[in-house]
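J.: Structure in structure tokens, see below.
The values are calculated or read from the model by the stated rules, or taken from the named source; none is laboratory data. The shown structure was predicted, so the numbers you read here are calculated from the model rather than taken from an experiment. No Cβ is skipped: glycine too gets one built from the backbone with ideal geometry, and neighbour counts run over all protein chains shown.
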Number of protein chains: 2
Amino acid sequence: MVFLDRTRLAERMRRALAALQVTPISIDHVVNSLVMTSLRGVDSHGVNLFPHYCRAVGSGRINPQPQMRFEDTAASTAILDADHAFGHHAGALAMDHAVEMARTTGMASVAVRNSTHFGAAAYFSQRAAERDCIGFAFCNADALVKAHNSRESFFGTNPICFAAPMADEGPFSLDMATSLAAWNKVGNAQRTRKPIPPDWAFDDQGRTVTDATLARSLAPVGGYKGFDLGMMVDILCALLAGGPASKDIPGMYRASLSTRRNITHFFMAIDIAKFTEPAVFKANLQSMANRIRALPPSDEADDIVMVAGDPEKRTYQVRLYEGIPMDDEKFAEFLEISGDFHEALASA
Amino acid sequence: MVFLDRTRLAERMRRALAALQVTPISIDHVVNSLVMTSLRGVDSHGVNLFPHYCRAVGSGRINPQPQMRFEDTAASTAILDADHAFGHHAGALAMDHAVEMARTTGMASVAVRNSTHFGAAAYFSQRAAERDCIGFAFCNADALVKAHNSRESFFGTNPICFAAPMADEGPFSLDMATSLAAWNKVGNAQRTRKPIPPDWAFDDQGRTVTDATLARSLAPVGGYKGFDLGMMVDILCALLAGGPASKDIPGMYRASLSTRRNITHFFMAIDIAKFTEPAVFKANLQSMANRIRALPPSDEADDIVMVAGDPEKRTYQVRLYEGIPMDDEKFAEFLEISGDFHEALASA
């Protein structure tokens with residue numbers, strides 16, 4: 001395990017992306033999103049993805065110099081053709097446009113087609129929250145979550161993300177896969193040969209498994225309700241934006257890195273000022289969160305009482321000082337990109 | 001158990017509400033919502049609620065002759081002060097207004113304050129879907145779902161509802177409480193003295209229970225994720241519309257029936273035509289649902305493979321012929337309102 005200095009790591013990632021001819025604005029969004037996400041402790045969607053992204057640019061899946069085009073279809077709706085840009089860049093443009101429209105009309109949505117993996121959805125919803133809006137972000141993915149009563153997976157882990165501003169701290173931020181557990185937790189158990197809880201995953205016959213090496217699909221969160229939430233996400237993404245869903249999306253790792261995935265996203269922004277004074281809203285949300293945090297713990301509690309985003313805020317404070325942890329195998333991938341990444345070590 | 005003829009039952013409910021001086025438009029929405037919901041098999045939110053509603057009108061909680069007022073705050077946003085109307089009526093007006101605005105601007109939302117219990121959320125989202133929109137409906141409720149790691153409940157069962165039109169059948173309709181199980185299932189187990197599954201509910205110390213009589217709070221769907229979704233609902237409802245949340249909302253049954261609850265709702269509509277041809281969208285959603293239904297079953301399957309709303313569509317077809325079932329105790333409550341309800345028996 002190594003610990004990386006966020007500033008030096010960001011600088012080296014910028015250089016590596018520039019060497020791949022990625023445009024400066026794409027670089028900004030990718031690096032900002034990855035570093036923020038790793039600082040928040042969401043290692044599945046942070047800097048660990050960087051070597052994969054570099055390979056995907058090099059092989060042609062991600063377009064380093066996209067020609068993105070907005071089509072405004074009404075005062076509160078637009079479609080963005082992302083031209084296979086980094087999803088981090090396309091998503092930020094789309095959310096910013098939704099916020100801009102919402103400032104006039106009160107609320108707005110932007111669907112994004114022909115995009116790529118966008119990292120952590122919280123990156124986009126929080127942009128809205130920082131501008132006194134409520135932000136929603138949705139994204140589809142290739143088939144991984146098992147359909148209820150079937151042996152086969154259908155929807156991806158299709159995240160639902162929601163953020164809203166608070167008075168005394170960063171935004172309330174809910175960013176959840178519609179699977180119970182993340183696939184990378186199953187992958188970790190495969191590597192370490194540890195058993196997984198019986199409610200996480202299924203084998204190729206749709207039977208529950210504790211042996212992670214047999215896992216082929218994930219359980220939806222909350223049973224059939226989670227599967228249906230995943231379908232809601234793909235109705236907003238694939239069907240409104242116009243793109244593939246489920247098995248029609250090439251796998252992020254299984255497909256050739258030259259294969260374009262045509263990922264779709266959907267963003268919504270609500271201007272809080274059209275409903276109430278933003279300062280009052282933020283104070284009320286702060287008070288609601290504080291009341292929840294002050295509830296008496298149960299005898300079965302495994303941690304303090306928290307609201308969405310609290311674990312990430314806690315990890316953020318720790319990692320600002322300790323640096324971003326990374327396992328040696330992953331760091332070796334960074335060194336394959338460039339020996340310069342040695343300079344990003346926090347102890348250096 | 002008795003079976004009721006939907007047409008005759010609706011007619012008697014209309015008469016009983018008219019006798020309570022309820023306005024004709026409120027009567028339409030209440031009766032249409034309750035009958036549709038019972039036909040769909042959602043007995044917790046259908047005609048079983050009717051005697052309670054009649055008592056709530058008689059005691060002053062529900063206003064039979066509300067003066068509702070819309071405030072349009074921007075081209076895509078509005079607030080409706082429901083003046084303690086039946087939530088069914090207020091919600092339908094709010095969703096219809098959101099659809100109307102979305103027809104121009106592409107998407108819109110309406111927050112509703114000073115409202116009452118609105119029955120099944122699907123009643124509203126489906127109205128949007130019938131007009132080629134995607135509809136969202138949210139509502140808050142009094143504290144019942146336990147906060148993760150606490151012994152106490154905080155949010156209500158705060159439903160999330162989403163509907164979208166399909167080519168060859170009624171809308172795709174997801175209408176889910178953010179608790180794992182409905183409270184009325186716990187109540188049924190209390191009456192029949194049967195044990196409940198250990199993941200449904202908690203006692204007053206926040207410990208899991210199988211004895212339903214000890215249950216004081218419900219488990220959120222999917223653990224902390226469901227609790228956070230419930231918080232999202234109350235951010236949209238209580239905080240945007242301006243109303244109480246959690247323990248500040250008087251209990252539906254626990255509080256005096258003269259106590260007004262100031263329930264809040266939030267509705268959103270997206271005009272599909274602003275993103276794609278509605279006929280194409282509906283065909284694609286039909287095809288997606290049909291593909292899911294055709295997936296191979298697992299060995300552990302307890303039913304066929306379905307999408308959200310399928311169980312309700314199946315029950316609807318059965319109940320159109322068999323009538324609406326009701327237990328004798330509940331039917332006795334109807335007879336207390338009026339002996340005329342005898343004429344609603346399907347066998348009569």
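J.: Conditions first: (1) at negative phi; (2) out of contact with any Phe, Trp or Tyr (no Cβ under 8 Å at 6 or more places or on another chain); (3) more than 8 Å from chain A (Cβ to nearest Cβ). B:Ala219 passes all but one, so which condition is the exception?
T.: (2)
J.: Mind listing whichever residues of the stretch B:224-237 are more than 8 Å from every other protein chain (Cβ to nearest Cβ) and either in a loop (DSSP other than H, G, I, E, B) or over 23 Å from A:Ser179 (Cα atoms) (or both)?
T.: B:Cys237
J.: Another question about this same structure. Kindly indicate whether any position in the stretch B:144-153 is more than 10 Å from chain A (Cβ to nearest Cβ) and either touching a Pro at 6+ places or on another chain (Cβ under 6 Å) or outside any loop (DSSP other than H, G, I, E, B) (or both).
T.: Yes, there is a match, as at least one residue in the stretch B:144-153 is more than 10 Å from chain A (Cβ to nearest Cβ) and either touching a Pro at 6+ places or on another chain (Cβ under 6 Å) or outside any loop (DSSP other than H, G, I, E, B) (or both).
J.: Also: Quick one: how many residues across the stretch A:105-132 are assigned to a loop (DSSP other than H, G, I, E, B) and more than 14 Å from chain B (Cβ to nearest Cβ)?
T.: 6
J.: Now for a different question. Search the stretch B:193-212 for residues being under 25 Å from the mean Cα position of the chain (by Cα) and not in a loop (DSSP other than H, G, I, E, B), and hand back the single one that is surrounded by the most Cβ atoms within 10 Å (Cβ to Cβ).
T.: B:Ala201
J.: Residues that are within 14 Å of chain B (Cβ to nearest Cβ): list the helices (runs of 4 or more DSSP H) wholly contained in the stretch A:252-348 that include at least 1 such residues.
T.: A:278-293, A:310-322
J.: Something else about it: Evaluate the stretch A:285-297: report whether one residue or more is within 30 Å of A:Phe3 (Cβ to Cβ) and at pLDDT below 95.
T.: no
Each row is one residue, and each column tells you yes or no for (1) closer than 21 Å to B:Leu93 by Cβ; (2) within 16 Å of the chain's Cα centre (by Cα).
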residue	(1), (2)
B:Arg8	no, no
B:Glu11	no, no
B:Ala16	no, no
B:Val30	yes, yes
B:His45	yes, yes
B:Ala56	yes, no
B:Glu71	yes, no
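J.: Still on this structure: Within the stretch A:87-96, track down each residue that is without any contact (Cβ under 8 Å) to a residue 60 or more places away in the chain and either buried (at least 24 other Cβ atoms within 10 Å of the Cβ) or among the charged types (D, E, K, R) (or both).
T.: To start, the set of residues in the stretch A:87-96 that are without any contact (Cβ under 8 Å) to a residue 60 or more places away in the chain comprises A:93, A:96.
Within the stretch A:87-96, A:Asp96 is the sole residue that qualifies.
J.: I'd like the full set of residues that are in contact (Cβ under 8 Å) with a residue 12 or more places away in the chain and either more than 23 Å from the chain's Cα centre (by Cα) or on the phi > 0 side of the Ramachandran plot (or both), limited to the stretch B:73-86.
T.: Correct list: B:Ala75, B:Ser76, B:Asp83, B:His84.
J.: Considering A:Glu336, A:Glu300, which residue is in contact (Cβ under 8 Å) with a residue 60 or more places away in the chain, exposed (fewer than 15 other Cβ atoms within 10 Å of the Cβ) and more than 20 Å from A:Gly156 (Cβ to Cβ)?
T.: Only one candidate qualifies: A:Glu336.
J.: Also: In the list B:Ser59, B:Ser44, which residue meets the criterion of being touching a residue at least 40 places away in the same chain (Cβ under 8 Å), under 16 Å from B:Ala16 (Cα atoms) and among the hydroxyl-bearing types (Ser, Thr, Tyr)?
T.: Result of the check over B:Ser59, B:Ser44: B:Ser59.
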